[in-house]
Amino acid sequence: MAYIEPAPLKDKENPFEAMMSRFHKASQILGLEEEIYNVLKNPTRQVIVSLPVTMDDGAIRVFEGYRVIHSTILGPSKGGIRFDPHVNLDEVKALAAWMTWKCAVVDIPYGGAKGGVTCNPREMSTGEIERLMRAYTQAMADVFGPDRDIPAPDMGTGPREMAWLMDQFSRIQGMTTHAVVTGKPLVMGGSLGRTEATGRGVMVSAMAAMEKLKINPYKATCAVQGFGNVGSWAANLLHERGLLVQAISDLSGAYYNEKGIDVAAATKYREVNNGSIEGFPEAQKITNEQLLTLPVDLLVPAATEDVITHSNAANIQAKLIVEGANGPTSSKADDIINEKGIVVVPDILANAGGVTVSYFEWVQNRLGYKWTADRVNRRSDRIMKDAFTNVYKTAQEYKVPMRIAAYMVAIDKVAKTYKYRGGY
Ligand code: GLU
């Protein structure tokens, strides 16, 4: 097939190229028609806005904000908003496409989108962040909508930011519009189980993979990179299922204890320590890089993109990698990991628990009804297990790694739907 090859990868991998290289591979194996390939490779819409915000000292600073709608073939687009100094258009484009594939893998009726603002929320006051979020919402008021594009939290944002977004959007509409955003605080239309949903999905995927690999969770060790919302919940829930969590980490470094980290204590420590685990006692301080190559059974990268690369992949000793973050493994590292026989449950499957419960939140908002935590968890666990089984079977059938299988499942679903809907 004569698709145009993705651009060659440089040393530091561009996330959009990383996404494209897997998309390309999976499309070739599926025998996807070139026209459809071209439809799916390009985002539907890319919006860039300038956001002037008055800072606390009275100065006006202009931030750049993005929203990329990758696809609306399966339904209204869905995806988080990232507040981070590294946010750029290529990253948001990749993250938007990953949302399309993620929603398709878990079979929820959404397309994919992502938003972001290049800023450092760690250096901003609450008031500055609120003004920035309201300015962003105002600028994106014609993009967002419960049937159009539904944002959610991502790195650097959480329920508080979603509350401001929902309020600002509702003011513009002149009516309360809960279903425009998910990941809201519980008191204003949030869903039970949403906060822990991504970490819980990581745990469910890890348990399913360990069953296939015949790893006994009560004898298994693991390392979790990143102790934000995803990593901390994943670590807590894996520990609850019997795994010995030997290392955790955040921006301050990694913390290792051969006999196991007290994850509950680390979570408490983070709460009273400004959101950081810096100086966590009863553990040896190592680097984030060392954490990735520890001799553990399970490695959960739950921090950011491009941490498992061609330069460290050969040193990874874990038997199983379950990707809590989006895009933690570079495409150049894929072959090295595969050759070593390491099983990878890819991001678009492993971290889809978050968007799954976002979907439940949206459904509840539209029903004007609240589900119990038990109902949310049972239904999301079922969706995650079914998606795992489907991807696993595809991997076996086509003799491909689970990552390529997950892309195949997703691309096939979106392509079939596109054919039914038709183009111009
Ligand atoms: N930001 C999360 C993700 O990358 C959640 C997106 C959502 O809930 O819409 O999956």
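Figures for the structure shown
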item	result
Flag for Gln317 being modelled with pLDDT of 95 or more and touching a Pro at 6+ places or on another chain (Cβ under 6 Å)	yes
Search result, residues across region 323-374 that are within 16 Å of the ligand (Cβ to nearest atom), polar (S, T, N, Q) and within 22 Å of Phe388 (Cβ to Cβ)	Asn326, Thr329, Asn351, Thr356, Ser358
Selection count where residues are within 16 Å of Lys102 (Cβ to Cβ), aliphatic (A, V, I, L, M) and surrounded by fewer than 20 Cβ atoms within 10 Å (Cβ to Cβ), scope region 383-406	0
Hits in region 77-96 - residues which are of a type outside the set (A, V, I, L, M, F, W, C) and within 11 Å of the ligand (Cβ to nearest atom)	Ser77, Lys78, Gly79, Gly80, Arg82
Whichever residue in region 97-128 is in a helix (DSSP H, G or I) and near the ligand (Cβ under 10 Å from one of its atoms) and, among such residues, is nearest to Ala152 (Cα to Cα)	Met99
Hits in region 141-183 - residues which are in a loop (DSSP other than H, G, I, E, B) and over 17 Å from the mean Cα position of the chain (by Cα)	Ala141, Asp142, Val143, Phe144, Pro146, Asp147, Arg148, Gly174, Met175, Thr176, Thr177
Test: residue in region 346-358 that is among the β-branched types (Val, Ile, Thr), over 12 Å from Asp107 (Cα atoms) and surrounded by fewer than 24 Cβ atoms within 10 Å (Cβ to Cβ)	no
Some residue of region 47-57 being buried (at least 24 other Cβ atoms within 10 Å of the Cβ) and either of a type in the set (A, V, I, L, M) or more than 16 Å from the ligand (Cβ to nearest atom) (or both)	no
Filter result for Ile73 (modelled with pLDDT of 95 or more and more than 16 Å from the ligand (Cβ to nearest atom))	yes
Options Arg194, Arg148: the member that is surrounded by fewer than 19 Cβ atoms within 10 Å (Cβ to Cβ), within 16 Å of the ligand (Cβ to nearest atom) and touching a residue at least 12 places away in the same chain (Cβ under 8 Å)	Arg148
Tally of residues being part of a helix (DSSP H, G or I) and surrounded by fewer than 24 Cβ atoms within 10 Å (Cβ to Cβ) across region 366-382	11
Condition met for Ala406 (in a loop (DSSP other than H, G, I, E, B) and either in contact with a Gly (Cβ under 8 Å, 6 or more places away or on another chain) or not β-branched (Val, Ile, Thr) (or both))	no
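The values are calculated or read from the model by the stated rules, or taken from the named source; none is laboratory data. In this text, all values refer to a predicted model and were calculated from it rather than measured experimentally. Note that each Cβ is placed from the backbone with ideal geometry, even for glycine, and that neighbours are counted across all protein chains shown.
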